[in-house]
Each structure stands twice: as structure tokens, then as C-alpha cells.
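Structure, as C-alpha cells:
The values are calculated or read from the model by the stated rules, or taken from the named source; none is laboratory data. Keep in mind that what you see is a predicted model, and the values were worked out from it rather than measured. Cβ: placed from backbone, ideal geometry, glycine included. Neighbour counts: every protein chain shown.
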Amino acid sequence: MAEENRTITLMTGTLLGATTTGETVSVGSFKEGNAAISVTAVAGTNPTADVIIQHSADGTVWFTHTTFAQATAATTEFKTMANFMQFVRAKFTIGGTATPTFTFSVKMTAKA
């Protein structure tokens, strides 16, 4: 019997002003689902966080699939995803001054 849904954590933790790319995750034959970002704490001066989900057919060449609204405070956002390739990952780019910091998670539920 085929798996109907799979919950995947793409990134979680606390990040200091940097660009960070999460680990590559194979979603197998799943091609649609939902993604969510949850920012629970923000510090620093003028902090910004840009979060995207990328996808790839081979785990080497990456394309932007889903872009979330820029986070500047605690927030939660959900996106519907369709037609993604076999591999996915999240990329978090932080900006601001005085050591901008974000505590967050990026998760997706892949659907059959």
C-alpha cells in the first residue's frame, strides 16, 4: 500500500545573520503538498528573513519553487505546492544589523 502523506522537516532551529541552506530531502514520487514556515522569535535591529523552498530532479541543480513573504517578526505562513521534483530543500537568508536572529521551522506535508 502506497504512503498517502509524509510530513518532512526541511529546517528548524535558530539562525544568526547568514544564508543557510537546509539538507536535501528526497520526496520520492510525491508531487504535491503543503509547506509552512513558523517564526517563533526574532531579535536584532531591522531583522529580515527570506525563505524559499527549492526543488531539483538530481539533487545538484536547484530551482526556486515556493517563496514565502519576508519575515520581520514572529509569523506563520502556509503555501500549497504542486509539481515539485524528487528533491526539496529550504533556504533561509537573514538580513539586518546588530546580530539579527530568527528561531523558526520550515515543514512540508507531501501528498500522494
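List of remarks:
- Complete set of residues in region 4-47 that are closer than 19 Å to Thr99 by Cα and not in a strand (DSSP E or B): Gly17, Ala18
- When residues of region 52-75 are limited to those that are β-branched (Val, Ile, Thr) and within 17 Å of Leu15 (Cβ to Cβ), the one surrounded by the most Cβ atoms within 10 Å (Cβ to Cβ): Ile53
- Close pairs (8 angstrom Cβ cut-off, 6 or more residues apart or separate chains): touching a residue at least 24 places away in the same chain (Cβ under 8 Å) in region 40-63, surrounded by fewer than 12 Cβ atoms within 10 Å (Cβ to Cβ) and assigned to a loop (DSSP other than H, G, I, E, B) anywhere: Val42/Ala73
- Condition check for Thr97: surrounded by fewer than 18 Cβ atoms within 10 Å (Cβ to Cβ), within 17 Å of Ala43 (Cα to Cα) and at pLDDT below 95: yes
- Within region 83-101, the set of residues being touching a Gly at 6+ places or on another chain (Cβ under 8 Å), within 19 Å of Trp62 (Cα to Cα) and either assigned to a strand (DSSP E or B) or without any contact (Cβ under 8 Å) to a residue 24 or more places away in the chain (or both) comprises Phe87, Arg89, Ala90, Lys91, Phe92.
- Thr9 passes every criterion in (1) touching a Lys or Arg at 6+ places or on another chain (Cβ under 7 Å); (2) modelled with pLDDT of 95 or more apart from (2).
- Which listed residue, of Glu3, Glu23, is over 14 Å from the mean Cα position of the chain (by Cα) and either at pLDDT below 95 or surrounded by fewer than 19 Cβ atoms within 10 Å (Cβ to Cβ) (or both): Glu3
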